[in-house]
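Structure record follows, encoded as structure tokens.
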Amino acid sequence: MAGRSGFRRRTRRPLLDRNYLRLRGASIDPSRATPSSELAPGIIASDESPDTLHLSIGDAAGGSVALTSTLNTAFGCGSVAYGTGVLLNNEMDDFALAANAPNAYGLTGDQANSVVGGKRPLSSMTPTIVERAETGVRPLLVLGSPGGATIITSVLQVLVNVIDHRLPLQEAVDAPRIHHQWLPDEICHENRALPDDIARALEARGHRLRESAGTTGDVNSVGTDAGGRWLGAADPRRHGTALAW
Ligand code: DON
């Protein structure tokens, strides 16, 4: 599929990815039995997020889907609904136990987010479709991300990179990211996200900077070019792949 419809195939782990494709191909042909020899153990588990993932889809007719799915933290609450194989989430962590009590992502809520019916969870999930001004054309962008509190800033930076800085979609996704979530009161940044002069200028204004231990977000996106052709951009930070059929 590489190169078709403007999609660029990105593969960080070629072996896993090839096996994943075999499994995917088998799983979408309901008209014939899948030979057991085509199924290898452990491959889906090794490539699948234990908590949250985002996928973005665009079809030939201009339909699009931005889907963020989550268990909240890794393996949710660690329980499987009996007889189903379905892991149960621990989304209650997105509610505030008490004012100023941070959740797993360091977010603090207040009474509006308390563990009571009718209250609002502190979800950051931001599946996003950006339409073009014209009607009847494919959207400009379809995107979203896992990453708890960093989801909103990750999605926003890809939007700004494409819409304001006019970067090609893949460059917009690849670009290093920064993150601030009110509390803790600091700018967390990926390696090389802030040039030295910008970092010094921010510190001179009283900002506290901290380099993140890992990467920020996983914005697997699709979008369209000026001719309306779909483009795919997998985020190199995790294991995503852009594919076209
Ligand atoms: O709704 C939320 O914001 C969280 N449940 C998302 C959790 C998440 O992204 C975990 N990920 N890597």
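Within the stretch 184-196, residues that are at pLDDT 95 or above have Cβ atoms under 7 Å from residues that are small (Gly, Ala, Ser) in these pairs: 188/212; 189/212; 190/212, counting only partners at least 6 apart in sequence or on another chain. Considering only residues in the stretch 64-77 that are of a type in the set (Gly, Ala, Ser) and at pLDDT 95 or above, the one that is nearest to residue 92 (Cα to Cα) turns out to be 76. Summed over the stretch 95-116, the residues that are open to solvent by 70 Å² or more (accessible area, probe 1.4 Å) and assigned to a helix (DSSP H, G or I) give a count of 1. Filtering the stretch 124-139 to residues that are open to solvent by 60 Å² or more (accessible area, probe 1.4 Å) and assigned to a loop (DSSP other than H, G, I, E, B) leaves 125, 127, 131, 132, 133, 134, 135, 136, 137, 138. I'd like to know if the stretch 71-85 contains one or more residues that are open to solvent by less than 60 Å² (accessible area, probe 1.4 Å) and not in a loop (DSSP other than H, G, I, E, B). For the stretch 71-85, residues open to solvent by less than 60 Å² (accessible area, probe 1.4 Å) and not in a loop (DSSP other than H, G, I, E, B): absent. Within the stretch 101-130, residues that are without any contact (Cβ under 8 Å) to a residue 24 or more places away in the chain and within 23 Å of residue 185 (Cα to Cα) sit with their Cβ atoms under 8 Å from residues that are open to solvent by 70 Å² or more (accessible area, probe 1.4 Å) and within 14 Å of the ligand (Cβ to nearest atom), at 6+ positions apart or across chains, in these pairs: 112/120; 113/120. For the stretch 211-232, a tally of residues being under 30 Å from residue 191 (Cβ atoms), in a strand (DSSP E or B) and in contact (Cβ under 8 Å) with a residue 24 or more places away in the chain returns 5. Annotation for the stretch 119-126: no member residue is farther than 25 Å from residue 67 by Cα, within 18 Å of the chain's Cα centre (by Cα) and within 16 Å of the ligand (Cβ to nearest atom).
A single member of 146, 121 is buried (at least 17 other Cβ atoms within 10 Å of the Cβ) and within 17 Å of residue 238 (Cβ to Cβ), and it is 146. Based on what the data block shows, is residue 216 at pLDDT 95 or above, more than 16 Å from the chain's Cα centre (by Cα) and open to solvent by less than 20 Å² (accessible area, probe 1.4 Å)? In short, no.
In the stretch 154-183, what count of residues is obtained for those that are open to solvent by 30 Å² or more (accessible area, probe 1.4 Å) and at pLDDT 95 or above?
Of the residues in the stretch 154-183, the ones open to solvent by 30 Å² or more (accessible area, probe 1.4 Å) are 156-157, 159-160, 163-168, 171, 174, 176, 178, 180-183.
With at pLDDT 95 or above added as a condition, the list becomes 156-157, 159-160, 163-168, 171, 174, 176, 178, 180-181.
Residues that pass the stated criteria total 16.
Limited to the stretch 50-64, what total is found for residues that are more than 12 Å from the ligand (Cβ to nearest atom), closer than 22 Å to residue 236 by Cβ and open to solvent by 60 Å² or more (accessible area, probe 1.4 Å)? Count: 2.
The combined condition, being within 13 Å of residue 217 (Cα to Cα) and in a helix (DSSP H, G or I), is fulfilled by residue 158.
Within 16 Å of the ligand (Cβ to nearest atom), under 30 Å from residue 229 (Cα atoms) and at pLDDT below 80, is that true of residue 47?
Values: within 16 Å of the ligand (Cβ to nearest atom): yes; under 30 Å from residue 229 (Cα atoms): yes; at pLDDT below 80: yes.
For residue 47, the condition - within 16 Å of the ligand (Cβ to nearest atom), under 30 Å from residue 229 (Cα atoms) and at pLDDT below 80 - is met.
With respect to the stated conditions, residue 92 is under 30 Å from residue 56 (Cβ atoms), open to solvent by 80 Å² or more (accessible area, probe 1.4 Å) and within 12 Å of the ligand (Cβ to nearest atom).
The values are calculated or read from the model by the stated rules, or taken from the named source; none is laboratory data. As the structure is a computational prediction, the values presented were derived from the model and not from experiment. Cβ atoms come from the backbone with ideal geometry, glycine included; neighbour counts cover every protein chain shown. Ligands, DNA and RNA are excluded from the accessible area calculation, which covers all protein heavy atoms including side chains. Shrake-Rupley method; radii C 1.70, N 1.55, O 1.52, S 1.80 Å.
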